[in-house]
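Quick one: this structure, given as structure tokens, is what I'll be asking you about.
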Amino acid sequence: MFLVGLGGGLLFRRLKIPGGMMVGSIVLVSALSIFTGGAVMPHAAKTAAQSLAGAFIACGMDWSDFRGFSRLFRPAAVLLGSVLLLNLLLGFLIWLCGPMDLLTALLCAVPGGMSDTPVIAADLGADAPKVAVLQFVRMSSGIGLFPGLIAAMTRGEPEEETGAPPPAPPDRTVSPADVPATVAAAFLCGFLGGRLGVPAGTLIFSMFGVIGLKIATGRSCLPLWLKRLAQVLSGAYIGCGITRADLLELRYLLLPAAIILTGYFANSVLTGRLLRRLFGFPLKTAMLAATPAGASDMALISADIGVNSRELVELQVIRLVVVVSLFPQIIVWVASAFGSMV
């Protein structure tokens, strides 16, 4: 199944589809599963994918991100509070509008990330294929649609950037031991998190384990091909669980997709204006900070529309770390509490 997923991932990546390695893996493996009923991936593949995903989030952070956390505490609190409330609101709306359980609906509306959330959904017992489809819609719109709309809406706004562009990471020699040490920390901490039974514990413990390694030694590194391997593993694991019945139910996702797009664009506008009023951020920068795309994606896209702001990238990093580590715990608690009431 991994080779089938790898072929699909390489094909979709060549076609320049956002998240192509994971999306292509899901599509080809799910097609095989639907037509043959014989697609199987071991549980260890999910553990490995989650561990590597957590490690890559940690490796993507540098000391400027850690320093920015204290300086941006108040804006980050406003941003995270808005996306959490929106996540819960959209999740309940999706649940009320279609044949989807509450846990799955809440995870479909999580604001990031495309590679991590579907695997977390599978770990929590939610409907991972539906989560993957709607996360793809959120990510694609966050990258390809929202920035252009924001640029058009703020064309007449005076813009004074709120910080220097993010500096390029300093050059340093990668030790041959860096990659094995990072992988070992990710897998050991991820295994511990999984054994403890914490929701999304494998990914969370892996991420913080590698962050700890980075703080203690200043060295953590993973090659890009390992990230793509994790995306293929995640996609293949999810694709194996897709059946003909799941395929027929995808037609019910048009309304949830519209709800997610409308909700997150409205949040970008409203929260962006709130960040400008409370903390003096330029409107374009503030609206982009509230856009549910990846930190690295936003750093590249924002430069294309004339925004070069360290605060923008740092707020996106904070959002990603908090969403991945805390939102699954909150969602499980909300779904469980509400389920006991109805």
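Just to make sure I understand: if all protein chains stay in place, what is the order of Glu249, Glu314 by accessible area at 1.4 Å, largest first?
Highest to lowest solvent-accessible surface, that is Glu249, Glu314.
So what does Thr243 come to for accessible area, using a 1.4 Å probe and Å² rounded to 10?
It works out to around 70 Å².
Quick one: accessible surface of Phe187, probe radius 1.4 Å, all protein chains present, in square angstrom to the nearest 10.
80
In square angstrom, rounded to the nearest 10, how much accessible surface does Lys227 have for a 1.4 Å probe?
Solvent-accessible area, nearest 10 Å²: 80 Å².
Please give the length that would be gained between Phe2 and Thr243 if that part of the chain were fully extended, namely 0.36 nm times their separation in residues minus their C-alpha to C-alpha distance (nm, one decimal).
Length gained between Phe2 and Thr243: 85.0 nm.
Leaving ligands, DNA and RNA out of it, rank Lys284, Lys16 by accessible area with a 1.4 Å probe, largest first.
Lys16, Lys284
Now, a different point. Once you have the Cα-Cα distance between Met153 and Arg74, take 0.36 nm times their residue separation minus that, and quote the gain in nm to one decimal.
25.9 nm
The values are calculated or read from the model by the stated rules, or taken from the named source; none is laboratory data. No experiment lies behind these values; they were computed from the predicted model shown. The area values use the complete protein model at the heavy-atom level, side chains included, leaving out ligands, DNA and RNA. Shrake-Rupley method; radii C 1.70, N 1.55, O 1.52, S 1.80 Å.
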